[in-house]
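Trainee: Below is the structure I would like to discuss, written out as structure tokens.
The numbers here are math on the coordinates, done by the rules we state, and not lab data. Fair warning: this is a prediction, and the values are worked out from it, not measured in the lab. Don't worry about glycine lacking a Cβ; one is built from the backbone with ideal geometry, like all the others, and counts go over all protein chains shown.
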Amino acid sequence: MRRSSKRRNRSKGKLRNFIIFIIILPLISILIGVGIVKFIILPRTSINKDTKSENEEVIDDVNKDDVQSEKKEQDSKTEETDKEDNNREQEKITKVQAEGFDLYNIQIGSFNSKENAQVLLNQLNDKGLYGYLIKDKAYKVYVATFFNEEEAEEYKKEVKKTYKDSFTDRITVEDLILEYNKENEVVIKDFINLITIINNSYGEETSLWNSVIRGGDVSIVKEFMTNNTNNIRQELTGISDKVANKNFGEKINYIKENIKIREEIISGLNKNESVGQLYIKFNEGLFQYVNIFSK
């Protein structure tokens, strides 16, 4: 009986050990493994992922900042290049010319002394010829000036009846060469147009004046001078405020002075002043204008 009881106890012990080692311990190991994975490994993995994600975001931000910085730098360089190109364009000097003209003057005499020239002028006035002095290399005495050579030659025939030694002295007014940059491009075109208007005005008026001093209608020259002066003044008004170039400014001042001379002549015509004296003033104004081409 005792042996049977011992055998049963041994069998139970073996069964218990079997259950413990084969079933319970593996289950405990599994549970421990699950716990380690769940509470230790996975959280660390998550932290690593978050850290990696954060690092990647930082890298992305850095890359974006680098890209933006490079873009700004490139934009800045492009802007600087554009400014340099624009400045070069602004500073680029261009030349343009206003067409000159020829003046055909009936010359009576030439003197080194102004006093001697004045003596001849007084003689001309006594004979009904209206002479005026033009200072060149000497003091030249003229009695008429034309833009048209044929008209000059025709008038010279009449003068030769009194002064046989009179001749036609041609003066070539060279083209006016103007330099300008981009800033003055619009103004220069208007200025060239103004010079053309003045040239045409004097071309018309020289013919009319020489008709007047030979007994022609004064009202015609008065009408032409009034209209032409108004046109010159109007064209000048649109230019003078825009001129930034010093050289242009000086020429504009010459034209303003010329307008004053023209206005004085028109006023004299309205007051029926001496046609001969007004004709002398007209020619003096013409040669004052010519100075624009040489200054």
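Trainee: How much length is gained if the chain between GLU264 and GLN123 is pulled fully straight, taking 0.36 nm per residue apart and subtracting their Cα-Cα distance, in nm to one decimal?
Mentor: 48.2 nm
Trainee: Here's a follow-up. With the crude spin-label approximation of a point 7 Å out along Cα→Cβ, what separation in nm comes out for ILE30 versus ILE220?
Mentor: 13.2
Trainee: Applying 1/(1 + (r/R0)^6) with R0 = 30 Å to the Cβ-Cβ distance of ILE93 and LYS135, what FRET efficiency is obtained, to the nearest 0.05?
Mentor: Approximately 0.35, to the nearest 0.05.
Trainee: Another question about this same structure. Can you pick out the pairs among LYS140/LYS161; LYS140/LYS260; LYS135/LYS260; LYS140/LYS182; LYS182/LYS251; LYS164/LYS271 whose Cα atoms lie more than 31 Å from each other?
Mentor: From LYS140/LYS161; LYS140/LYS260; LYS135/LYS260; LYS140/LYS182; LYS182/LYS251; LYS164/LYS271, over 31 Å: LYS140/LYS182; LYS164/LYS271.
Trainee: Can you give the FRET efficiency to the nearest 0.05 for ASP175 and SER110, using r as the Cβ-Cβ distance and R₀ = 25 Å?
Mentor: In this case the efficiency is close to 0.40.
Trainee: Next question. Report, in whole Å, the centroid distance computed from the Cα atoms of segment 118-141 and segment 169-203.
Mentor: A separation of 30 Å, based on Cα centres.
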